[in-house]
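The values are calculated or read from the model by the stated rules, or taken from the named source; none is laboratory data. Note that the coordinates shown come from a computational prediction; the quantities given were computed from them, not determined experimentally. No Cβ is skipped: glycine too gets one built from the backbone with ideal geometry, and neighbour counts run over all protein chains shown. Only protein heavy atoms, including side chains, enter the accessible area calculation; ligands, DNA and RNA are left aside. Shrake-Rupley method; radii C 1.70, N 1.55, O 1.52, S 1.80 Å.
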Amino acid sequence: MRLEQLQAFLAIAETGSFQGAARKCSVTQSTISRQIQGLEADLGLELFHRTGQAKLTVAGERLLPRARKICQEWQTATQEIADLVAGKQPELCIAVIHSLCAYYLPPVLQQFCHDYPQVQLRVTSLGSDRALKVLKDGLVDVAIVMNNRFLTAGKEIVVEVLYDEPIEVLTAANHPLAQHERIPWSELIRYPQVVFKDGYGMQRLVQDRFERLQATLQAVLEVNTLDAFRGVVRQGELVALLPNSALVEARRDPTLAVRPLASNCALADNSSFTRRVVMVTTQDRLQIPPIQHFWQLVRDNVPPKVTLELSVC
């Protein structure tokens, strides 16, 4: 059974003749006849009485409402796909890590809403691992996250590197570590820390660095918002390792201190402590005009051309 056979069947039922159906479908009458013969062969019953007027048989009467529904569903589906190609997507769903939501992304969101006012933009702040999962589950169109090559593998996945940024130490202004111009790792590991919850890329990054140093991470508290980090650290005892873009408000707060980390010779590669932020989607989504446009806006504007003053580690 083919769609054009059902369309020919409906055309005959609506016009009352094979000739009228041929005119309606813009094909020859012999084409209509072949399509109906093929459909009847598939079903095993005749659909029309071949009299002066093509009248439905009992089988034709049963098929008629089903054929209308199938053809209507097909028409709806093709229209929705055509709307996608034309950029008439009803909404665009984005999952983004907290620091970008707070500082880098708002100008991009405003520009996109101006350029595509008919598209409802939905932004959810999530940890990197969770954001990539909901992308793969089809619940969001784009994820902007900390890179995790294990979760971005696959031929259908498109990854755009946005920037690398240093990880720094957030302390209370009167904390002993705040006396250092650059905090040595040997001093940092002595103090209890507040960390991101499980499922956040930063928690995994910090844990991995401590393991490489063969040190124990004293993670005594888990939170998942930047406000919570500042509020807890402000109390004086706990410290936190956070990326540069998450420390904008902290730098303006006289009760807090932000310090870069000193190089660590204990590591064989003496590597700096940084994180990489990437934008992720799938090949098929990137063909849809609103998603293409959002992708380009982020590429052009994140991080902003006038960036935060970065500390050199």
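Descriptive notes on the structure:
- When LEU56, LEU92 are screened for being in contact with a Leu (Cβ under 9 Å, 6 or more places away or on another chain), among the hydrophobic types (A, V, I, L, M, F, W, C), modelled with pLDDT of 90 or more and under 30 Å from ARG122 (Cβ atoms), only LEU92 passes.
- Only residues that are part of a helix (DSSP H, G or I) and free of Cβ contacts under 8 Å to residues at least 40 places away in the same chain were counted in segment 179-193, giving 3.
- Unmet requirement for GLN75, which otherwise passes all of (1) touching an Asp or Glu at 6+ places or on another chain (Cβ under 7 Å); (2) open to solvent by 60 Å² or more (accessible area, probe 1.4 Å); (3) within 30 Å of THR281 (Cα to Cα): (1)
- Residues in segment 125-167 that are open to solvent by less than 10 Å² (accessible area, probe 1.4 Å), over 14 Å from LEU100 (Cβ atoms) and assigned to a strand (DSSP E or B): 1 in all.
- Annotation: PRO254 fulfils all but one of (1) at pLDDT 95 or above; (2) over 24 Å from GLU91 (Cβ atoms); (3) open to solvent by less than 80 Å² (accessible area, probe 1.4 Å); the unmet one is (3).
- All conditions in (1) of a type outside the set (D, E, K, R); (2) open to solvent by 40 Å² or more (accessible area, probe 1.4 Å); (3) closer than 30 Å to LEU132 by Cα hold for GLN89, with the sole exception of (2).
- Qualifying residues in segment 175-202 (those that are open to solvent by 20 Å² or more (accessible area, probe 1.4 Å) and polar (S, T, N, Q)) - the one farthest from the chain's Cα centre (by Cα): GLN179
- Scanning segment 110-124 for residues that are surrounded by 18 or more Cβ atoms within 10 Å (Cβ to Cβ) and part of a helix (DSSP H, G or I) yields one hit, PHE112.
- Answer residue from segment 1-49, given it is of a type in the set (A, V, I, L, M), over 11 Å from ALA67 (Cβ atoms) and assigned to a loop (DSSP other than H, G, I, E, B) and is most open to solvent (accessible area, probe 1.4 Å) among those: LEU45
- One residue stands out among those in segment 14-57 that are of a type in the set (Asp, Glu) and free of Cβ contacts under 8 Å to residues at least 12 places away in the same chain: the one that is nearest to ARG2 (Cα to Cα), which is GLU40.
- For the condition β-branched (Val, Ile, Thr), open to solvent by 40 Å² or more (accessible area, probe 1.4 Å) and closer than 30 Å to TYR116 by Cα, ILE70 does not qualify.
- For segment 199-219, filtering for residues that are of a type outside the set (S, T, N, Q), at negative phi and outside any helix (DSSP H, G or I) leaves 5.
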